[in-house]
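Written out below as structure tokens is the structure these notes cover.
The values are calculated or read from the model by the stated rules, or taken from the named source; none is laboratory data. Please read these numbers as outputs of a predicted model, since none were measured by experiment. A quick note on method: Cβ atoms are made from the backbone with ideal geometry, for glycine too, and the neighbour counts reach across all protein chains shown.
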Amino acid sequence: MKITDVKTYVVANPPPQIGGRYFIFVRLTTDSGVVGYGEAYNATFGPLVTAKMIEDCAERHLVGRDPHDIETFFRRAYSSGFTQRPDISMMGCVSALEMACWDIVGKEAGKPVYKLIGGQVHERLRSYTYLYPQTGSVYPNETESDRNVYNNPEIAAQCAAEYVRQGFNAVKLDPAGPYTAFDGHQPRLVDIELSAAMLKAIREAVGTKADILFGTHGQFTASGALRMARAIEPYDPLWFEEPVPPDMPEVMAQVARGTSIPIATGERLATKWEFARVIEHRAASILQPDLGRSGGILETKKIAAMAEAYHIQIAPHCYCGPIVAAANIQLAATLPNFLILESIKQWGGFHAELLKKKIEWQDGWVIPSKEPGLGVELDEAVCEAHPWKGGPLHLEMTPDPLFP
């Protein structure tokens, strides 16, 4: 079996753009006609550029080769151009292509991927969702002046209670104020006050029926994060996500030592080598690899194994499309140290339209598919009908300092 063809899709995500402004998919085809799909969580360059990068990586390291040889592909791509270091853009490309290879391998074997990487540990996977507004933009920095789930305790509490009514037993929010290209910064007192008020209102609304996940975007200094942590500790959040920028796990470790709230991190990290630094410095007790960026399924299985040895849990990140979601599910089903899975609501809306059969969600739990490969099939006609026509990146930080 050899890979003979590669095709990419850059798909515009219609408003309200839950999961990002666009999704980057790849399709690999073998000489026997087996098709595999992958997705990159890559936003450092425009998505059309990234799609060309994926195609280039495939032409150099995959086309004409056996998709089973995933270790060889990873090492060649990781070393491409005399690098051998965690290049976030290359790893987005590798991740998409690697999960497409696994999709092919599973289909060829007639088994879901989880059966090929250790077997199924979990019959169902606990999931959480962000608090999303009912209408309008999902980007909080674009709606700061409006009353919404990002800045109004009453509205956030009502939204959280509704998700609990649907069956979720964990909800996430990130009300900690603006994040910029110049972070970390000290939180403003108004941001600390609002964050505490938001968590207080949600805790009163949901009681002990749901965990609260407190998200930030690496926006604080260690001392600033500890000031925030002291204010929200009374509401017992399950985690404090990425309290400081991701480039210095030594600094994040200062926060971990200074608060009783578990620290979670990892959506901006790639490969076992970056996650090893987090583990080495005891910077987090929950890791959040995104399989569209971390290096793919096998690489993240290694990351999870390293974490397991230190009693660290895995909570796969997924603010992207349904192919990354499917890969996350395949991996999570095999992990003894799995904690919780990010879900885009109940996987309805455009995420469901992109698939020939939607991801199964029941009463707060994702049910892993028993179909071969990743367990989902991309609807290429829907992809073709929603081409990306340019604009901002998938996610962006405010480009100016908080206090210019």
(request) Select, from ASP247, ASP290, the only residue that is assigned to a loop (DSSP other than H, G, I, E, B) and crowded, with 20+ Cβ neighbours inside 10 Å. (result) ASP290
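Please specify each residue of region 50-80 satisfying the condition of being more than 24 Å from LYS302 (Cα to Cα) and either loosely packed, with under 13 Cβ neighbours inside 10 Å or not hydrophobic (A, V, I, L, M, F, W, C) (or both).
Once the filter is applied, which keeps residues that are more than 24 Å from LYS302 (Cα to Cα) and either loosely packed, with under 13 Cβ neighbours inside 10 Å or not hydrophobic (A, V, I, L, M, F, W, C) (or both), region 50-80 yields THR50, LYS52, GLU55, ASP56, GLU59, ARG60, GLY64.
Among the residues that make up region 195-210, is at least one of them among the polar types (S, T, N, Q), part of a loop (DSSP other than H, G, I, E, B), assigned by TED's automatic domain parsing to the domain that holds THR265 and surrounded by fewer than 17 Cβ atoms within 10 Å (Cβ to Cβ)? Reasoning before the result, please.
Of region 195-210, the ones among the polar types (S, T, N, Q) are 195, 208.
Now restrict to residues that are part of a loop (DSSP other than H, G, I, E, B): 208.
Filter once more, keeping what is assigned by TED's automatic domain parsing to the domain that holds THR265: 208.
Applying the additional criterion that residues be surrounded by fewer than 17 Cβ atoms within 10 Å (Cβ to Cβ) yields 208.
Looking for residues that are among the polar types (S, T, N, Q), part of a loop (DSSP other than H, G, I, E, B), assigned by TED's automatic domain parsing to the domain that holds THR265 and surrounded by fewer than 17 Cβ atoms within 10 Å (Cβ to Cβ), one finds at least one in region 195-210, hence yes.
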(request) Determine which member of the set ILE323, ILE359 is surrounded by 14 or more Cβ atoms within 10 Å (Cβ to Cβ), β-branched (Val, Ile, Thr) and over 19 Å from TYR22 (Cβ atoms). (result) ILE359
(message) Suppose we filter region 1-60 for residues that are of a type in the set (S, T, N, Q), closer than 15 Å to TRP388 by Cα and without any contact (Cβ under 8 Å) to a residue 60 or more places away in the chain; how many remain?
(response) 2
(request) Scan (1) touching a His at 6+ places or on another chain (Cβ under 7 Å); (2) more than 22 Å from LEU393 (Cα to Cα); (3) among the hydrophobic types (A, V, I, L, M, F, W, C) for the single condition VAL11 breaks and write down its number. (result) (2)
